[in-house]
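Structure first, then comments.
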Amino acid sequence: MSPADNQTGPLLAGIDVGTTNIKAVIFDLAGQPVVQASVPTPTYYPQPGWAYYQPEELWQGAAAALRQATGQLDHPGRIAGIAIASMAETAIPLDAHNQPTYQAIAWFDRRTQPQVEWLEQNIGPERIFEISGMPLQPIFGLCKLLWFKENEPAAFSRTVRWLNVADYIAYRLSGVQATDYSLACRVIALNLRRREWDIPLLQDLALSPSLFAPLCDSGTRLGPVTPEAAAVTGLPVSAQVAAGGHDHICGALAIGVIQPGDIMDSMGTSEPVFIPLNQPISDPLVCRQGYAQGAHAVPGRYYITTSGFTSGASVEWFRDMVGRNLDYATLIREAEAVAPGSLGVYFMPHLRLANTPHYDPKGRGAFIGLSADASRGVLFRAVLEGLAYDCRYALEPLFAYPEVVPPRYIYAIGGSTRNHLLMRIKAAVFNRPITVATVAEATSLGAAILGGLGAGVYADLPSALQQLRPNHTLVEPNPAEAALYDNYFRRVYQQLYLTLKPLHHTIYQLQA
């Protein structure tokens, strides 16, 4: 057992239902992990551009991870609270008996492009932005809901509730259905400033407001763990379940990125850069650029994010392409032997769609500048440099908006921060120090903090953050590398998307 389990204080559990894995981590009140467990997230790909989850498998995965984690504790009755963080745009449709009526469409699924086009023509992206603060993109929940209504009418007719993944797991634990604002805003039917479902929009779409769960702040107590859930998870029935939140928002909460002027780079399968705001940006240009705004887990505060849809996914894609059994240490070692600039090879990491500030569902990725000298190490370094370039390319336009406070600190979290070469490249491309928050499982910790708020273990969020003992590592930019990368970025990378866009759109039409 962990030494922390020999102590007597309360513990908090956080679940992270992610794209790749479902993790359950149990923390002490100082945010130190005591035990943890992880199971893969079963994902199905029935045809190109489509992906889904089976709702019962998501619950079984969460229950299994919890059961494995609680099974490592001598005294699981110490767990006082639990909350769930999850991917944001995936939801489970339920019937009147709370049984799923259809699959849970994956957040990155692209089948909803026709619904986006219908909304553009009949509602307008400007109205969607005015209501939700969001651009009109196929990933968002409303587009999935309209696809479901149009293409699965029998299943839709039986559906009485549309629950985001974290809300569904919380419901299976507590028997209570609710949704927090950070997840609700990703439906794009939430009036962001009023923090209520937009009834006129839903009426225009012939959608009942009752499809959506009651709204609440992250950390709101939902109720105790039910005996049925306790039996399959190992949680005590005394543990309180609280409303959780969007996974990236929970990660920001865990490292204290709650004030304007702080920036969090969440480096996972995807890579949004997260910036807290006091008020949403009202300039419609931000919508056309594809940036997403939403409600922070901190009551009354907002955020804006860039989109990096295939960040860690690009690294994984490259490794699988050149050798699925190849370890990352070998690739990193080969890339370290290559000079900055990767012998003139550039990589644009748009493997699903193009990122901000040119959100484009028809966009594609690219290697450009290939030559016979391009070895595996050269290409892998180009992938890492492309991720850093693309992140800077998405971030720079935001500082033109008065609502965005210039950055004081850049924090990085997520599995990709363990790639020391990527962090060195990113610090040089940004020409700024990056603080790697070595918070073990930050997303799960953010959820656990919310569970602590719901259980009354923490009086409020500031007191919770004061108790945490985070470990940070500072990555400083190399001045010589920073100068090189700035030149490469401005003279080449900034031109890539617009140069390749016509070709990528032609390819899209040919593949349609």
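Read the figures in this text as sums done on the coordinates, not as results from a lab. These numbers were taken from a predicted model, which means no experiment stands behind them. As a convention, Cβ positions derive from the backbone with ideal geometry for all residues, glycine included, and neighbour counts pool all protein chains shown.
Structure data summary
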item: Percent RCO, i.e. relative contact order, over the chain, from Cα pairs under 8 Å lying at least 6 residues apart; result: 17
item: Prolate/oblate/rounded call for the stretch 202-334, Cα gyration tensor, a/c under 1.5 rounded; result: oblate
item: Per DSSP, loop chymotrypsin sites (Phe, Trp or Tyr not before Pro) in the stretch 13-96 with at most 16 further Cβ within 10 Å; result: TRP50
item: Local net charge near ILE255, Cβ-Cβ under 13 Å (Lys/Arg +1, Asp/Glu -1); result: -2
item: Trypsin sites (Lys or Arg not before Pro) restricted to DSSP loop in the stretch 405-512 with at most 12 other C-beta within 10 Å; result: ARG408
item: Order of SER266, SER307, SER444, SER238 - criterion: other Cβ atoms within 10 Å of each residue's Cβ, fewest first; result: SER238, SER307, SER266, SER444
item: Ascending count of other beta-carbon atoms within 10 Å, so fewest first, for LEU12, LEU351; result: LEU351, LEU12
item: DSSP-defined beta bridges in the chain - what % are antiparallel, rounded to 5; result: 70
item: Environment charge at ALA155 (Cβ cut-off 14 Å; Lys +1, Arg +1, Asp -1, Glu -1); result: +1
item: Global geometry of the chain, whether rounded, prolate or oblate, following the gyration tensor of its Cα atoms and the 1.5 cut on a/c; result: oblate
item: Top positive-direction residue, dipole computed over the stretch 1-125 with Cβ charges, set ALA13, ALA64, GLN32; result: GLN32
item: Unit charges at the beta carbon, dipole of the stretch 267-334: most positive-side option, THR310, GLY290, SER270; result: GLY290
item: Mean separation of Cα contacts under 8 Å (6+ apart) over length of the stretch 3-248, as relative contact order %; result: 22
item: Student exercise, the stretch 82-160 dipole from Lys, Arg, Asp, Glu Cβ charges, in Debye to nearest 20; result: 180
item: Whole-angstrom gap from the stretch 327-388 to the stretch 31-76, using each part's C-alpha centre; result: 31
item: Gyration tensor verdict on the stretch 3-248 (Cα atoms; rounded if a/c is under 1.5, prolate if a/b is larger than b/c, oblate otherwise); result: prolate
item: The stretch 3-248, dipole about Cα centre (Lys/Arg Cβ +1, Asp/Glu Cβ -1), debye to the nearest 20; result: 180
item: Paramagnetic label zone (point 7 Å from Cα along Cα-to-C-beta, ASN431; backbone N under 17 Å) in the stretch 255-285; result: none
item: Cβ-placed point charges (K, R +1; D, E -1), dipole of the chain about Cα centre in debye, nearest 20; result: 360
item: Low-density loop positions, trypsin sites (Lys or Arg not before Pro), the stretch 149-253 - DSSP coil, at most 16 other Cβ in 10 Å; result: ARG193, ARG194, ARG195
